[in-house]
Amino acid sequence: MTRTSELTATPRRPGKGEAGRIRRRGRLPAILYGHGEAAVPIEVDAREAEAALGHRILRLALPDGVQSAIVKEVQRDPLTGGIVHVDFLRVALSERVRADVEVSVVGEEALKRRGLVLTHTLRSVTLEGPASALPEHLTADVSALGPGGQVLVRDLPLPAGVVALTPGEEGVLSVGTPAAEAAETPATEAPQAETK
């Protein structure tokens with residue numbers, strides 16, 4: 001079930017200078033658009049936004065009412081990793097939307113105890129379904145896998161009404177042994193000493 005979170009938003013003036021002033025006050029510049037309505041520049045509390053971004057659906061409380069939205073894009077500072085701007089897309093809860101959903105792993109400790117190595121091939125999968133049905137994340141259980149085992153996109157459990165747009169044959173995770181991992185990495189030849 002998709003969790004929702006409410007975030008208070010207030011309209012703002014557009015512009016880079018204004019965005020900088022907003023950030024200095026501990027808030028974030030953002031924009032809300034979609035559904036054929038005009039784009040609305042808004043600002044939200046930076047701490048509240050950071051906490052709310054883990055939710056698939058957000059309820060944005062604006063002065064003229066509450067709007068359901070999903071996070072379409074998050075821009076981060078390349079040096080600090082902090083959020084500098086957020087794009088929100090208006091949605092109806094029954095509307096079919098596309099989203100990249102992160103894959104979380106269960107059972108990695110069991111592999112480590114057996115001396116196995118887990119390789120992530122895909123960190124997220126593109127899904128489509130009703131906005132209210134899209135999961136926060138997908139879970140891949142690797143505890144029973146052995147050397148050479150893998151999890152494909154088609155192996156990931158999906159909620160009813162949700163489909164994966166990423167091809168089902170694509171690998172998400174694979175399991176190997178440390179020796180096999182080392183064998184796949186070509187060894188660099190040591191430089192040979194010159195003889196005179």
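Rounded to the nearest 0.05, the FRET efficiency derived from the C-beta distance between Leu93 and Lys16 at R0 = 41 Å is 0.75. Considering only Cα atoms, the convex hull volume of the chain works out to 208 Å³ per residue.
Looking at the calculated P(r) for segment 4-91, what percent of the C-alpha pair distances fall above 15 Å?
On the way: 2064 of 3828 pairs.
Percentage above 15 Å: 54.
Given their separation in residues at 0.36 nm each and the Cα-Cα distance between them, Ser143 and Ala61 gain 25.3 nm when the chain is fully extended.
Cα-based radius of gyration for segment 46-128, normalised by 2.2 N^0.38 Å, reads 1.46. With a Förster radius of 25 Å applied to the beta-carbon distance between His85 and Glu128, the computed FRET efficiency rounds to 0.45. Translational diffusion coefficient of segment 97-184 at 20 °C, 1.002 mPa s, Stokes-Einstein with Kirkwood Rh over Cα pairs, in µm²/s as a whole number. This corresponds to a translational diffusion coefficient of 157 µm²/s.
Every number in this text was worked out from the coordinates using simple rules, so none of it is lab data. What you are looking at is a predicted structure, and each value in this text was computed from that prediction instead of being measured. Note that each Cβ is placed from the backbone with ideal geometry, even for glycine, and that neighbours are counted across all protein chains shown.
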